[in-house]
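Below: one structure, written as structure tokens.
The values are calculated or read from the model by the stated rules, or taken from the named source; none is laboratory data. Bear in mind that the values here come from a model prediction, so they are computed numbers and not experimental data. So basically every Cβ, Gly included, is an ideal-geometry build from the backbone, and we count neighbours across all protein chains shown. Side chains included, ligands, DNA and RNA excluded: accessible areas come from the protein's heavy atoms. Shrake-Rupley method; radii C 1.70, N 1.55, O 1.52, S 1.80 Å.
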Amino acid sequence: TGNLVIGDVGQDAREEIDYETLKSARGANFGWDAFEGFARFKSPDASPPPKHHDRPIHDYPTAGGNCAITGGYVVRDPNLPSLFGRYLYADFCVGEIRSLIPEIGGARDDKPVGLGRLEQLSSFGEDAAGHIYAASLNGGVYRFVPR
């Protein structure tokens, strides 16, 4: 579509999702190390805040067992209408697959997809037909299919 959705692992307390056009991605400044997600990063060696930085469209805390975002794909498989156009992501430690609608300037409708948890979810994939997969370090690779 000409846009990039980026699952960006945080440093300490926040994980973030960034969304850029191909044009704006060149030279993008995601604010590190002055910001972590939407929050000011409180590191003794943090540089002064940049004059301009590209803010994330979504962030979440590493509280509640979360530890590192696993970024995914925007679903384009027409056989998955309830997920079509939604960005899939999860947290490696919690394993709950979530989705949101990415938009320049912010995301909306962040929610779990209702598939339970996949321990050590380490990657998502997409094949040439647009089918979406999730992979676990426990050895499983799972394809998203309609119910």
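For this structure, a couple of remarks:
A quick yes/no check of all residues on (1) polar (S, T, N, Q); (2) touching a Ser or Thr at 6+ places or on another chain (Cβ under 8 Å):
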site	(1), (2)
GLY64	no, no
CYS67	no, no
ASP77	no, no
SER99	yes, no
GLY105	no, no
ARG108	no, no
LYS111	no, yes
PHE144	no, no
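- Among the residues of region 1-15, those identified as touching a Phe, Trp or Tyr at 6+ places or on another chain (Cβ under 8 Å) and touching a residue at least 24 places away in the same chain (Cβ under 8 Å) are ASN3, VAL5, ILE6, GLY7, ASP8, GLN11, ASP12, ARG14, GLU15.
- A count restricted to region 47-61 and to residues that are in a loop (DSSP other than H, G, I, E, B) and either at pLDDT 95 or above or not polar (S, T, N, Q) (or both) stands at 10.
- Looking only at residues of region 104-144 that are β-branched (Val, Ile, Thr) and in contact with a Leu (Cβ under 8 Å, 6 or more places away or on another chain), we find that the one that is least open to solvent (accessible area, probe 1.4 Å) is ILE132.
- Scanning region 80-124 for residues that are aromatic (Phe, Trp, Tyr) and outside any strand (DSSP E or B) yields PHE84, PHE92.
- In region 62-103, residue most open to solvent (accessible area, probe 1.4 Å) [restricted to those that are in contact with a Lys or Arg (Cβ under 6 Å, 6 or more places away or on another chain) and more than 17 Å from SER122 (Cβ to Cβ)]: ILE101
- Residue in region 47-65 that is touching a Leu at 6+ places or on another chain (Cβ under 7 Å) and more than 25 Å from GLU20 (Cα to Cα) present: no
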